[in-house]
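Encoded as structure tokens, the structure appears first; notes follow it.
The values are calculated or read from the model by the stated rules, or taken from the named source; none is laboratory data. Bear in mind that the values here come from a model prediction, so they are computed numbers and not experimental data. Every residue, glycine among them, receives a Cβ derived from its backbone with ideal geometry; neighbour counts consider all protein chains shown. Ligands, DNA and RNA are stripped out before the accessible areas are found, and what is left, the full protein with its side chains, is counted by its heavy atoms. Shrake-Rupley method; radii C 1.70, N 1.55, O 1.52, S 1.80 Å.
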Amino acid sequence: MADIKPDDYEWIRQFLYTQCANDLGQGKEYLISSRLGAVAREAGLADISALVTSLKARPLGGPLHQKVMEAMTTNETSFFRDGHPFAALEKQIIPRFLSSNSGRPLRIWCAASSTGQEPYTIAMVLRTNFPDVANRARILCTDVNATVLKRTTEGVYSQLEVNRGLPAQMLVRYFERAGANWRAKAELRSMMDPRVMNLAVPWIGIQPQDIVFLRNVLIYFDAKTKREIVTRIRNTLAPGGVLFIGGSESILGMDEGLSREQFGMSTVYRRAA
Amino acid sequence: MRFLVIDDSRAIRSLIIRMLKELGHQHAEAGNGREALDIIANNGPFDAALVDWNMPVMTGIQFVEAARAKPELAGMQIMMITTETEVERIQQALALGATEYLMKPFTREAFADKLAMMGLDKAA
């Protein structure tokens with residue numbers, strides 16, 4: 001990608017500031033190049049300069065402007081994403097686990113945990129509401145991408161990331177400043193067990209899990225692979241263990257051995273005890 | 001829902017107001033905390049105030065203190081929207097009665113998430 005012209009840089013900086021209060025500041029040419037290069041290519045434009053020319057010629061708020069904003073700001077995941085699975089965890093799933101498993105370690109698996117916001121959300125729910133359980137809980141975090149998984153290990157998030165979905169009370173209780181970023185405190189990080197893993201390939205060495213989060217993952221696989229993954233997840237669930245999938249996903253026809261249960265707005269699949 | 005947007009930057013007020021409109025909310029705006037209190041005195045409480053920290057005449061944190069000293073405003077939620085990002089600042093705002101805290105810069109999604117978190121996601 002060619003160098004960014006000063007005028008183009010300034011236009012993008014102003015655009016981001018007026019559209020989403022994102023003050024890019026100076027010297028972020030590399031960020032524009034890495035994030036907007038793909039947007040330009042997708043739009044059939046030669047480079048960033050052509051992208052800016054095209055943006056200027058279109059009314060604000062159009063799809064291309066939206067893509068630029070998303071590319072510069074969006075994260076694929078966020079803390080407390082969708083809310084209700086974590087309410088179900090707090091109000092129903094963990095209390096039920098406690099009533100039948102006093103003193104036993106709790107095993108939770110975030111399959112495709114991406115940059116870690118989901119497992120850290122679970123850790124905060126446990127630390128806040130069930131401190132004794134949190135002390136004996138392990139959260140297995142797996143992802144096929146070693147780079148994003150490293151972020152779970154480090155527990156470091158940008159300001160834009162902690163702005164998304166994380167209540168301020170939780171932020172100041174469980175995170176500390178790390179330069180311009182925020183780092184999860186050791187009490188959360190110590191609960192994480194990150195491992196690189198491809199869900200599409202049969203796995204070994206995963207202990208029986210009490211709770212599995214497999215949200216917004218299955219959509220990326222074909223029907224055959226999806227069925228194989230659900231079967232393997234079911235076999236990995238401990239007796240009585242539960243599976244969360246994404247709100248818009250379905251495993252209809254491949255949920256043999258699992259019973260469907262509704263907790264408020266959350267659907268979970270339970271393996272027979 | 002009715003929001004009072006308090007920021008000394010007209011550009012930032014416009015940005016926030018545009019996001020509120022997209023979410024179907026009503027709004028009024030003020031350039032500092034004093035002006036905001038006058039608007040509330042004349043128009044009654046809002047569902048929420050969205051307030052910057054650093055402003056002339058009356059700062060955001062002074063506004064939070066003043067608003068929380070008025071029992072009739074107990075039901076009005078307050079979210080700080082500010083470039084102040086130190087832990088101590090956030091703790092101070094929450095201790096004085098701010099309901100939520102959003103750090104600049106922020107995205108449309110982060111803004112909408114915060115409103116939902118505060119139960120303010122129902123359109124007017």
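Among residues other than residue B:5 whose Cβ falls under 10 Å from its Cβ, what is the net charge (Lys/Arg +1, Asp/Glu -1)? Don't jump to the answer; show the numbers that get you there.
Numbers: positive: B:13; negative: B:7, B:29, B:52.
Charge balance near residue B:5 sits at -2.
Placing +1 on each Lys and Arg Cβ and -1 on each Asp and Glu Cβ, with no other charges, gives chain B a dipole about its Cα centre of roughly 260 debye.
Which GluC sites (Glu not before Pro) does the range A:225-262 hold that lie in a coil by DSSP with at most 16 other beta carbons within 10 Å?
On the way: sites: A:228, A:249, A:256, A:261; in loops: A:249, A:256.
Hits after loop and neighbour filter: A:249, A:256.
If R0 equals 45 Å, the separation of the Cβ atoms of residue A:3 and residue A:153 corresponds to a calculated FRET efficiency of about 0.85. Under 15 Å of direct C-alpha separation, and excluding same-chain neighbours fewer than eight residues apart, residue A:91 reaches these aspartates and glutamates: A:261. Taking 1.306 mPa s as the viscosity and 10 °C as the temperature, the Stokes-Einstein diffusion coefficient of the protein assembly as shown based on its alpha-carbon Kirkwood radius rounds to 69 µm²/s.
For the range B:2-117, what is the accessible area per residue in Å², given a 1.4 Å probe and the full set of protein chains? If you can, show how the numbers build up before the last one.
Details: 4620 Å² over 116 residues.
That works out to 40 Å² per residue.
Karplus couplings for the range A:40-46 from phi (6.51 cos²θ - 1.76 cosθ + 1.60, θ = phi - 60°), rounded to Hz, Gly and Pro as x? Result, ordered by residue: 4, 4, 4, 7, x, 9, 5 Hz.
Would you work out the relative contact order for the range A:127-269, in percent, from Cα pairs under 8 angstrom that are 6 or more residues apart? Don't skip to the end; give the middle numbers.
Values: 159 pairs, mean separation 29.7, N = 143.
Contact order relative to length: 21 percent.
Give me the percent relative contact order of the range A:1-126, please, defined on Cα pairs under 8 angstrom at least 6 residues apart. It would help to have the intermediate numbers written out before the result.
Details: 73 pairs, mean separation 28.0, N = 126.
Relative contact order here is 22 percent.
For the range A:84-271, with only Lys/Arg (+1) and Asp/Glu (-1) charged at the beta-carbon, what is the dipole magnitude about the Cα centre, in debye rounded to 20?
On the way: 25 positive and 16 negative charges, 49 e Å.
In debye, rounded to 20, the range A:84-271 gives about 240.
For the set A:67/A:226; A:56/B:21; A:67/B:104; A:185/B:104; B:21/B:114; A:56/B:122, the pairs lying more than 26 angstrom apart at their alpha carbons are A:67/A:226; A:56/B:122. With a 10 Å cut-off around each Cβ of A:156-166, the average count of Cβ atoms from other chains is 4. Our summary of shape: the Cα atoms of chain B have principal axis extents of 34, 31, 26 Å, ordered from largest down, in whole angstrom.
With runs of 4+ DSSP H residues as the only contributors, calculate the mean residue ellipticity of the protein assembly as shown at 222 nm using -39,500 (n - 2.57) per run, divided by the residue total and rounded to the nearest 500.
It comes out at -12500 deg cm²/dmol, rounded to the nearest 500.
Simple point charges give the picture: +1 on the Cβ of Lys and Arg, -1 on the Cβ of Asp and Glu, and for the protein assembly as shown a dipole about the Cα centre of about 1100 debye. In Å² (nearest 100), what accessible area is buried between B and A, both sides summed, heavy protein atoms only, 1.4 Å probe? When B and A are taken together, about 2100 Å² of accessible area is lost. Of the residues A:36, A:130, A:61, the one whose Cα sits farthest toward the positive end of the charge dipole of the range A:1-158, with +1 on the Cβ of Lys and Arg and -1 on the Cβ of Asp and Glu, is A:130.
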